[in-house]
Structure formats: C-alpha cells, structure tokens
Amino acid sequence: MALFPDVIVNNETIPSAAIAAEAQNHEAPKDKPGIAWRKAAQALAIRTLLLQEANRRALTSDPLELAPGRVETEDEALIRALLDEALTIPPVTEEDVRAEWARDPDRFRSAPLWDVSHILCACDPRNQDECAAAGTRARAVLARLDGDPKSFAAAARDSDCGSKASGGHLGQLGPGDTVPEFEAPLRSLPEGGMTPEPVLSRHGWHIIRLNATAPAQVLPYEAVRPKIAQALEKAAWARASRDFIEALAEGAQITGASLEPI
C-alpha cells in the first residue's frame, strides 16, 4: 500500500515523484514529513488546476526573463497569462491608501540608527582553541577598560578591524547593516554604554560601544504612500487569485489532496 494516495485532478494524475520533489520546498517539523508532502500535493494540485484552465482557454505562453539567467518556464508563463486574463483587480484609490495609513500611522517608522564603535578580537568561532584564545584576549581588554568609555579609542588601537585607525568607530549603522549577533546588543545598549561581556559573532569577539542612537521616527504620509499602495495592490491580487482558485476547485474533481489551508 502506498504511504500517500495518488493525487488526481480532473482525471490527471500528478506523479508521486513530482510531489516528492516539490516537498523539498515546503517547511514541516522533522518528525512530521507528511505535512511537507500534503503542502506539496496541494501546491501541485493548484498548479494543475490552473494549467488545465489555461489550456481550456487555449492560452499560449510567452516566457519572460525574471532576472539575469532566470527565465520563466512554459508552465509559469501560462499561469501568468491565465491570471492576467482572468483576474480583475480594482484599482487602489487615494482614499484606500489614506484610510490604511490612518488606521495606525505609528506602524510606518524610519529605521533606528546607531553610532557604533567596537574592538574586534578576530577568530574563527568554529575553531575551539582559536575562539577560546580570542575570547580570553577580549575579556582582558574589557577588564582594562573597566567600564570607562573614554579609554575606548585608545584600546581600539589593538583591534583586529580596520576601524582601529579611527578609534574603533564604525559610523552609523541601521538594521541589517551588520550581522545579527552584532546587531542584537545594539537594541538594548544605552547611549554611551558598552557590552558588559564580549559578543561573539562569525568574525570573532567584539567589545561594542553605542556612542549615540537616533530612534525610529514616524514617517509622514507622503513618504510611505507608495509602499502602502503597493501592499494594498498585492493584497487585492492575492484575494482575487484565491477566489479564482476556489471557483476552479468547486467545479473540479480532486482526490488525494486538500485545498484547505494546512
């Protein structure tokens, strides 16, 4: 007996090998591989429904170049052509955009900026001996500082980062400008504060000083209007796509897969 039933959409069987390959693209708990299989079966059942409808309408494909070296497949182009023909998306109006912004203007903020200095004791964290030696060195530097930020620039002369030429100063950083393990302590440090313990990143051990911070600011409507309009357009397209697929499914015979959310 097969572990999973065949997936059949309007008398068209989706090969198990295709579902197994698609399952690689879907997350699931390690102890529940069946969830990935069901997600893959659902995705391929929807794809099959759409391709069947495209063929019923005698649509032709015209693959587009999505990015350098990345061109749509014939199936992707057919599905795009189908959705372009079948979906009618009402235009997003100025009133729609302003109403979405007015629901909670506080959601739309600039990113915070941190003015940062650091001292790096470089190492490969995967090398235990090297990591331990660099950690010992970093703790010794931190002990010499003894919480005194004024001596930070002098201590930074021994840093393994090129910023040592400017007293360890890295300039202004925003979210995503550095590795996550370095960014995390910046969010809780007070202005003028240093990390109480060295921080390990993929580059080595850091002693981090937050010189100053510019908090996130609420952005004016005109600055965020394009972003809100784009989000509303995407949401409208997603709703229309979902409704179209549901309508196709209501008139189809599908076994071995469910189109209900998993």
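The values are calculated or read from the model by the stated rules, or taken from the named source; none is laboratory data. Since the model is a prediction, treat every value here as computed from it, not as a measurement. Please note: Cβ atoms are built from the backbone with ideal geometry, for glycine as well, and neighbour counts cover all protein chains shown.
Tabulated data
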| quantity | calculated |
| --- | --- |
| Of all residues in the stretch 44-59 being outside any loop (DSSP other than H, G, I, E, B) and aliphatic (A, V, I, L, M), the one that is surrounded by the most Cβ atoms within 10 Å (Cβ to Cβ) | 45 |
| Looking only at the stretch 1-12, and only at residues there that are out of contact with any strand residue (DSSP E or B) (no Cβ under 7 Å at 6 or more places or on another chain) and at pLDDT 90 or above, the one that is surrounded by the fewest Cβ atoms within 10 Å (Cβ to Cβ) | 11 |
| Some residue of the stretch 101-108 being within 30 Å of residue 207 (Cβ to Cβ), at pLDDT below 95 and of a type outside the set (Lys, Arg) | no |
| Residue selected from the stretch 156-175 under the condition within 19 Å of residue 144 (Cβ to Cβ) and hydroxyl-bearing (Ser, Thr, Tyr), by the criterion surrounded by the fewest Cβ atoms within 10 Å (Cβ to Cβ) | 163 |
| Odd one out for residue 30, checked against (1) closer than 25 Å to residue 7 by Cα; (2) at pLDDT 95 or above | (2) |
| Residue 192 vs. criteria in contact with a Lys or Arg (Cβ under 9 Å, 6 or more places away or on another chain) and surrounded by fewer than 15 Cβ atoms within 10 Å (Cβ to Cβ) | yes |
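Every residue, every condition in (1) in the same structural domain as residue 195 (by TED's automatic domain parsing); (2) part of a helix (DSSP H, G or I); (3) touching a Pro at 6+ places or on another chain (Cβ under 9 Å); (4) surrounded by 13 or more Cβ atoms within 10 Å (Cβ to Cβ), yes or no:
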| site | (1), (2), (3), (4) |
| --- | --- |
| 61 | no, no, no, yes |
| 66 | no, no, no, no |
| 77 | no, yes, yes, yes |
| 83 | no, yes, no, yes |
| 99 | no, yes, no, no |
| 102 | no, yes, no, no |
| 106 | no, yes, no, no |
| 118 | yes, no, no, yes |
| 121 | yes, no, yes, yes |
